[in-house]
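Notes follow the structure.
The values are calculated or read from the model by the stated rules, or taken from the named source; none is laboratory data. This structure is a prediction, so every number in the text was calculated from the model and none was measured. Because the Cβ atoms are built from the backbone with ideal geometry, glycine has one as well, and the counts that use them run over all protein chains shown. To get the accessible areas, we keep the full protein, side chains included, count just its heavy atoms, and leave off ligands, DNA and RNA. Shrake-Rupley method; radii C 1.70, N 1.55, O 1.52, S 1.80 Å.
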Amino acid sequence: MSAGGRSSQLLALVAIFFSSYIVGIYSAARASSLVLTSELNVNKTLIPGNDTLLADEEDSSLARSGSRHPRWFPFYTIGRFSNDICTGNNLLLGTCVINGECSDNSGVAAGSCSSITAQAICCIYQRTCGASTSYNNTYFYNSNYPAPYAGGGRCSIVVTPPDSTICQLRVDFLSLSLAPPSGDGACATDALTITGGASQVPSICGENAGQHVYVDFNGVNPITISVATSGSYTFNRNWQFQIRMLGCTSATLAPAGCLQYYMPSSGTLASFNYVSAASSALNSIGVQGTRQLANTKYGICIRKAAGMCSITYSQVSSDTYSFTLTNDVGAVDPTLLATSSVQSQDCTTDYIIIPAPTQGGVSMPSDRFCGLGLVSTTTSAKPFVVYTVTDGNEDMDISNRGFYLSYSQNACPIL
């Protein structure tokens, strides 16, 4: 072959390589880390009493962060790697991407995530006041977290779904400590509000680390998570939320009407701002107030496990105040708390609803429970759900804490 022919072949090979280079860069630039359409099935590293994620993943088939389709980077790596969910060296969840993509999207590199190439890093998306995001597993925290937030003004993040295949938002309160409610249960000093969704979320304040909420998106409209605080009230506030988006076909979507959705077959659930200690605030008639948040109405659901036919709810045995919803705690002999003597089903103000309840194998006359005690209660009604209702008048609910219940699903009988 002539020298001219060899030169032509060489030039052709160079042109092909250069074209691949350009296509690779262009593809990487267009790739965006948006959201999962399937949700994580996480390991059992949980906040006590909740199924809040702290670290590990179990199901790699759910781990395609970011875009609606897995992204590959043929130019940047000799091998190929997909954008799996990863655990950073800070124990937060991130997305496995190339280093440049992470920095371009204001992410934080938290260790490597692929054995194929050193370019692959676990990218953590962290945002604070005034931010917006369309990335799955975004962490939203107060400025200077974990240092306390002094208060004053409003700190918000706007979460926009990438497209109509995303139906729900889950917000885990990894940390949430705000000023307590008034003695009448109102979030008058500080308040967390979540607005813009198709489902309602009550204003939340006080101590709520380990809690979570689900919010339905209203089409592709954004949801705003906002923390309003008062600078005139001295308090060591702090918060860190994990924000996850759920695809419309995700197996972990919360059922309709469920503000909270617990995955484990057994665990604990609690009203917002539940603490065993009494409130130090006085209510409107000058007596010791309640820790319960006023004017709430929502469902707490538990996913039914395979082979389970019923569920039992009980007070947490180590806490005699773990069911104090109505009446005056201080007026009752402490030895009677958490017993049938102070359990009531004559409930019109603050109460929980357990559908089709039985106690000791006997059907109860009502599905409402209030008062200062709850005997172990079992139901076979599906779905497994506890509804909670509080009104706006806490005058006679003196020194109440709310509820903190354990639950356990029961296997179907062998016939």
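Things worth noting here:
- Descending by average beta-carbon neighbour count within 10 Å, the peptides 112-121, 200-209 line up as 200-209, 112-121, the highest first.
- In the context of the full set of protein chains, residues of the stretch 85-125 present 40 Å² of accessible surface per residue (probe radius 1.4 Å, heavy atoms only).
- SER276 sits among other residues whose Cβ lies under 10 Å from its own Cβ, and their net charge, with Lys and Arg +1 and Asp and Glu -1, is +1.
- The portion of the accessible surface of the stretch 254-414 made up by carbon and sulfur, rounded to a whole percent, is 54 (1.4 Å probe; DNA, RNA and ligands excluded).
- For GLY183, nonlocal amide neighbours, meaning residues 5 or more places apart or on other chains whose placed amide H falls under 5 Å from its own, are LEU282.
- Packing around the peptides 333-346, 125-138, taken as the average count of other Cβ atoms within 10 Å per residue, puts them in this order, highest first: 125-138, 333-346.
- Among the protein heavy atoms of the stretch 128-250, carbon and sulfur supply 50% of the accessible surface, probe 1.4 Å, non-protein parts ignored.
- Computed in the context of the full set of protein chains, the accessible area of the stretch 85-125 at 1.4 Å probe radius has 49% of its extent on carbon or sulfur.
- Summarising the label geometry, the points placed 7 Å from Cα in the beta-carbon direction at THR193 and SER164 lie 3.0 nm from one another.
- Modelled spin labels at ASN236 and SER380, positioned 7 Å past Cα toward Cβ, are 5.1 nm from each other.
- With the highest mean first, a sort of the peptides 176-182, 378-384 on other beta-carbon atoms found within 10 angstrom per residue produces 176-182, 378-384.
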